[in-house]
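What follows is a single structure, written as structure tokens, with notes after it.
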Amino acid sequence: MGGCGRQWLRGRSDAAYALIEYLTDSILFGGMSTFDVYGMKNVNNQISSSHMCVVGRGKDFSSHNAAIAGWTVSPSEYGDSKTHFFTRWTVDGYKSTGCYDLKCDGFVPVQNAPITPGDTLDHKNGKLKITIKIFKKKDDGDW
């Protein structure tokens, strides 16, 4: 699990997940995913999430950098059981950098974006689709 879910699952014996992972020695500059969003009914300390992650890493994952975006229901993070659009990032494997959404410097939302990290996703009609793109900018190398 190339670092994208490892931090969330560490120390949890009750975790379940599905993973599609694409590993390559080729140089990639991003990706795109489309997700169905549902209203989850979490109990206790459960977290539900669907997200994409772009990771740059060394051979042992110890100093990976990652950009993550998707949807989550996380009462411990947001204080409610609503579905939220979220982002997370690190440049050193979460040793001293990175955080959720806009809670620290490092993530800059696209100007005039229709949604901001941390916003609630409204799925009143039962289901919503969101498409997320994470790409490296050509002008400055930022993601």
Of all residues making up the range 104-123, the number that are of a type in the set (Asp, Glu), at pLDDT below 85 and closer than 18 Å to Ser81 by Cα: 1
Residue selected from the range 85-114 under the condition aliphatic (A, V, I, L, M) and surrounded by fewer than 14 Cβ atoms within 10 Å (Cβ to Cβ), by the criterion farthest from Ala66 (Cα to Cα): Ala113
Residue among Thr83, Thr87 that is more than 26 Å from Lys137 (Cα to Cα) and modelled with pLDDT of 70 or more: Thr83
Members of the range 90-103 found to be modelled with pLDDT of 85 or more and hydrophobic (A, V, I, L, M, F, W, C), listed by number: Leu102
Pick from the range 115-141, criterion over 14 Å from the mean Cα position of the chain (by Cα) and surrounded by 15 or more Cβ atoms within 10 Å (Cβ to Cβ), ranking: nearest to Ser49 (Cα to Cα): Leu121
Qualifying residue in the range 47-70 (condition: farther than 13 Å from Trp89 by Cα, modelled with pLDDT of 65 or more and acidic (Asp, Glu)): no
In the range 124-143, residue farthest from Tyr78 (Cα to Cα) [restricted to those that are modelled with pLDDT of 85 or more and among the basic types (Lys, Arg)]: Lys133
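The values are calculated or read from the model by the stated rules, or taken from the named source; none is laboratory data. Being a predicted model, the structure only gives us computed values, none of them experimental. Virtual Cβ from ideal backbone geometry, glycine too; neighbours counted across all protein chains shown.
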